There are 2 protein chains.
Amino acid sequence: MLNLTLEDIARMAGVSRSTVSRVLNEHPNVRQEVRERVWEVIRRTGYHPNAAARTLASQRSWVIGLVLPRSVSSFFTDPYFPHLTQGIAQACNQHNYTLSLFLVATKEDEEKIFPRVSRKGSLDGILVQSGEIGDQLIDRLVESSVPLVIIGRPFHTEGVSYIDVDNVSAAETAVRHLLELGRRRIGLISGPFNTTVGRDRYDGYLHALASYGIDVDRALVAEADFTEVGGYTAMQRLLPAKPDAVFAASDLMAIGAMRAARDAGLRVPEDIAFVGFDDLPIATMASCPLTTIRQPVAEFGVKAVETLIDVIENGLEPPRQVIMGTELVVRASSGAEQRGIA
Amino acid sequence: MLNLTLEDIARMAGVSRSTVSRVLNEHPNVRQEVRERVWEVIRRTGYHPNAAARTLASQRSWVIGLVLPRSVSSFFTDPYFPHLTQGIAQACNQHNYTLSLFLVATKEDEEKIFPRVSRKGSLDGILVQSGEIGDQLIDRLVESSVPLVIIGRPFHTEGVSYIDVDNVSAAETAVRHLLELGRRRIGLISGPFNTTVGRDRYDGYLHALASYGIDVDRALVAEADFTEVGGYTAMQRLLPAKPDAVFAASDLMAIGAMRAARDAGLRVPEDIAFVGFDDLPIATMASCPLTTIRQPVAEFGVKAVETLIDVIENGLEPPRQVIMGTELVVRASSGAEQRGIA
DNA sequence: CAGGAAATTGGGAGCGCTCTCAAATCTCAA
DNA sequence: TTGAGATTTGAGAGCGCTCCCAATTTCCTG
């Protein structure tokens with residue numbers, strides 16, 4: 001039962017290797033009767049074709065890699081990544097691909113992982129999370145001309161496929177929501193400015209203020225790192241500037257920030273309103289349910305896989321650039337209901 | 001640069017295919033001068049050996065699979081799994097293995113994944129998270145006689161390799177800590193009773209009570225599912241029985257439970273003390289820093305990988321059964337300091 | 001019932017590597 | 001200088017599959 005080969009099955013079914021291969025790969029042009037006889041033998045023996053041999057002969061591994069670069073240190077702190085991974089894993093399974101996970105923690109990791117990832121014959125394609133703007137990893141992957149889809153817009157977009165949400169307008173919507181509720185001293189807890197997502201959400205914040213003719217007050221902007229602790233300390237830096245609302249570029253930071261505001265004796269949302277970004281389950285479970293931008297994280301992962309499969313099957317050109325929609329989810333933390341009642 | 005083979009490198013270096021193979025695999029018995037010449041060509045051309053061909057010829061894929069069964073629905077809610085995965089990924093990288101991730105969400109997933117996982121030639125070994133006691137997945141994997149290490153003690157332990165912490169004594173330590181602080185109506189928010197980890201921590205709770213001659217009050221025991229929401233609702237069920245302390249079988253549940261206690265107007269730890277389990281970063285960030293059992297989650301992952309590699313290299317027998325230590329970490333939630341001061 | 005087209009089947013040549021074995025080369029003591 | 005033994009190298013036979021091509025069989029149509 002252990003080391004059966006195509007040849008063995010062929011002998012047992014009284015046909016040739018080629019015919020068994022045809023049956024296995026669902027090629028047409030095999031007589032129904034023969035097809036059934038072969039399947040019967042396969043089932044009875046519990047035969048599974050050898051993946052390596054298949055890959056070698058067909059130049060197709062049915063494996064895709066998910067690469068999370070060094071800068072994504074928050075893999076295990078921010079629920080965003082598990083959710084994304086979940087969506088990706090599910091889609092891989094759906095499409096009969098196997099998912100390999102490459103967590104790049106250090107520079108040495110990167111050197112070790114790189115050959116494994118870019119080498120032909122082990123991976124059909126790569127999904128890589130966009131990271132810091134200076135990071136060479138993505139450029140190196142692009143150069144290796146392996147089918148590649150970047151999760152989150154990279155800094156250089158010419159000729160590369162990526163998938164993202166429209167962070168600028170999503171952030172603008174979030175901040176506008178606060179403006180519409182009458183808040184005027186709106187703080188921003190941004191993501192890192194050396195990431196496109198950090199910059200984009202900052203730009204959205206600026207646009208919203210500009211549309212209301214409000215000048216940006218630098219004391220109302222604090223850069224953080226997408227973590228809860230980062231949100232907490234950023235909020236402490238913002239407090240002296242007396243914001244009456246804060247847009248945080250992730251739910252986790254919003255939760256940290258709310259905690260900091262509470263610890264400073266402020267009431268949410270009466271004294272200070274909050275809007276987050278992501279709409280992960282924690283958003284509803286926060287001490288004050290969070291108004292936030294919902295992005296379809298799991299579907300995002302699914303779409304990334306499907307885009308990558310498209311690239312694998314139909315070539316790198318033209319670059320696929322997919323932008324997914326977001327929506328504002330209003331809950332208690334922005335004080336929308338208070339105002340409605342008042 | 002793209003489709004170089006061993007043969008090409010051999011020709012360019014003026015040696016045979018075999019010699020290049022020897023150089024690549026660091027076999028001895030290659031003249032220093034030749035070795036360097038070959039490396040030089042490899043470096044210059046950017047050649048990487050084809051993984052599939054290597055696997056086919058050597059019957060070794062250098063890939064291990066991490067299988068998370070259906071019952072582990074909390075992959076994306078409980079930070080435990082990302083931490084574990086992180087440890088595993090890091091160790092894989094260290095040992096030059098590639099990690100493939102198999103998230104089993106549905107029965108169909110399981111059917112799709114199973115052949116990919118048990119088939120020879122794609123995976124050198126498997127790490128599988130222990131799940132519900134009735135789950136057939138592990139039994140099927142054991143039968144397929146692929147090198148296997150189970151994360152968390154499975155229900156049937158004969159002949160299988162696994163790695164776990166001593167949940168019984170860890171839980172006992174946690175509950176004893178509360179008893180030593182003078183608490184007597186100690187509630188338990190347990191994990192699911194259809195998991196070994198759920199049962200073990202329950203047993204530890206019983207042992208601790210027994211050692212103080214306290215009879216267990218069924219109204220003080222609530223089964224939950226390791227989620228924060230589960231902890232919250234379990235706490236609500238416990239409240240009528242007026243516990244003065246609660247041991248929750250995970251930090252996440254402890255946090256949910258504390259929130260429920262607060263929402264019911266109780267003060268932590270004055271009115272009710274809490275002890276959790278895991279000591280993940282969220283434990284320190286809780287509204288009241290959590291006394292908890294620290295288990296070495298990331299090292300756990302590392303150890304699992306190392307144990308699996310041992311099994312891969314030295315055979316399935318004898319079964320490796322590794323138990324790792326835990327320690328009690330005292331913070332504010334158990335009220336130890338109050339008592340110290342009083 | 002012939003004859004050609006279509007459907008079905010088998011054989012062979014790889015895919016790119018590892019590994020055994022024998023040949024070639026080198027080393028050094030006598 | 002020679003030859004036994006050690007070291008280094010190359011040739012060849014797979015690993016188990018896919019896929020092309022040619023051979024065989026089946027199916028129609030007139």
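Taken together, the values in this text are just the output of simple stated rules run on the coordinates, not laboratory data. The structure displayed is predicted, hence computed values, not measured ones. Glycine gets a Cβ as well: all are built from the backbone with ideal geometry, and neighbour counts include every protein chain shown.
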Computed for segment A:6-49: size of charge dipole around the Cα centre, +1 on C-beta of each Lys and Arg, -1 on C-beta of each Asp and Glu, debye to nearest 20, value 40 debye
The farthest towards the positive end of the charge dipole of the protein assembly as shown, of the residues A:ALA52, B:THR326, A:GLY325, given +1 on Cβ of Lys and Arg and -1 on Cβ of Asp and Glu, is A:ALA52
Summed over the other residues with a beta carbon less than 13 angstrom from that of A:VAL165, with K and R at +1 and D and E at -1, the charge totals -4
Per GNM of chain A with C-alpha springs under 10 angstrom, the most fluctuating residue out of A:LEU220, A:LEU56, A:LEU239 is A:LEU56
Once amide hydrogens are built 1.01 Å from N within the peptide plane, the residues lying 5 or more places from A:VAL221 or on another chain with amide H under 5 Å from its amide H are A:LEU188
Under the rule rounded for a/c under 1.5, else prolate if a/b exceeds b/c, else oblate, using alpha carbon gyration tensor axes a ≥ b ≥ c, segment A:6-49 is classed as rounded
Fewest to most Cβ atoms within 10 Å: B:ARG116, B:ARG140, B:ARG294, A:ARG201 sort as B:ARG140, B:ARG294, B:ARG116, A:ARG201
For A:SER145, inter-copy label-point distances (7 Å, Cα→Cβ), nm, shortest first, read 4.6
With +1 on the Cβ of every Lys and Arg and -1 on the Cβ of every Asp and Glu, the dipole magnitude of the protein assembly as shown about its Cα centre, in debye rounded to the nearest 20, is 920 debye
The alpha-carbon center of segment B:27-59 and that of segment B:161-228 are separated, in whole Å, by 56 Å
The size of the Cβ-based charge dipole (Lys, Arg +1; Asp, Glu -1) of chain B about the Cα centre, to the nearest 20 debye, is 780 debye
Going from the fewest other Cβ atoms within 10 Å to the most, one would list B:ASP8, B:ASP278, A:ASP109, A:ASP225 as B:ASP8, A:ASP109, A:ASP225, B:ASP278
For segment A:6-49, averaging the sequence separation of alpha carbon pairs under 8 Å that lie six or more residues apart and dividing by its residue count, the contact order in percent is 38 percent
In whole Hz, the Karplus estimates of ³J(HN,Hα) for segment A:321-334 (6.51, -1.76, 1.60; θ = phi - 60°; x where Gly or Pro) are 10, 10, 10, 9, x, 10, 8, 7, 10, 8, 10, 5, 5, 8
A correct Stokes-Einstein calculation for the protein assembly as shown, using the alpha-carbon Kirkwood radius, 10 °C and 1.306 mPa s, returns a whole-number D in µm² s⁻¹ of 58 µm²/s
In deg cm²/dmol, rounded to the nearest 500, the helical mean residue ellipticity at 222 nm of chain A, built from -39500 (n - 2.57) for every DSSP H run of length 4 or more, is -13500 deg cm²/dmol
Sequence order, segment A:107-121: Karplus ³J(HN,Hα) from phi using 6.51 cos²θ - 1.76 cosθ + 1.60, θ = phi - 60°, Hz rounded, Gly and Pro as x, gives 4, 5, 3, 4, 5, 6, 6, 4, x, 5, 8, 8, 4, 5, x
Beyond 26 Å, the calculated P(r) of chain B holds a percent of Cα-Cα pairs equal to 56 percent
The local net charge around A:LEU220, scoring Lys/Arg +1 and Asp/Glu -1 for residues other than A:LEU220 whose Cβ lies under 11 Å from its Cβ, equals +2
Amide H neighbours of A:SER122 at under 5 Å, excluding residues fewer than 5 places away on the same chain, with H built from the backbone geometry, are B:ALA51
Expected sort for A:ILE42, A:ILE126 with the fewest Cβ neighbours (10 Å cutoff) up front is A:ILE42, A:ILE126
Taking Cα atoms only, helix A:297-314 is inclined relative to the longest principal axis of chain A by an angle, in degrees rounded to 10, of 40 degrees
With the charge dipole of chain B built from beta-carbon charges (+1 for Lys and Arg, -1 for Asp and Glu) about the Cα centre, the Cα from B:VAL175, B:THR233, B:ILE126 projecting farthest to the positive end belongs to B:ILE126
Taking every other residue with Cβ under 12 Å from the Cβ of A:GLN295 and scoring Lys and Arg +1, Asp and Glu -1, one gets -4
Interchain or sequence-distant (5+) residues whose placed amide H lies within less than 5 Å of the amide H of B:VAL322 are B:TYR162, B:ILE163, B:ASP164
The farthest towards the positive end of the charge dipole of chain B, of the residues B:THR284, B:GLN86, B:GLY14, given +1 on Cβ of Lys and Arg and -1 on Cβ of Asp and Glu, is B:GLY14
Output row for B:ASN29: copy-to-copy label distances, label 7 Å along Cα→C-beta, ascending, in nanometres, one decimal, is 4.7
Distances in nm between the label point of B:ASN3 (7 Å along Cα→Cβ) and its equivalents in the other copies, shortest first, are 3.1
Rounded to whole angstrom, the alpha-carbon centroid of segment A:239-299 lies from that of segment B:251-276 at a distance of 22 Å
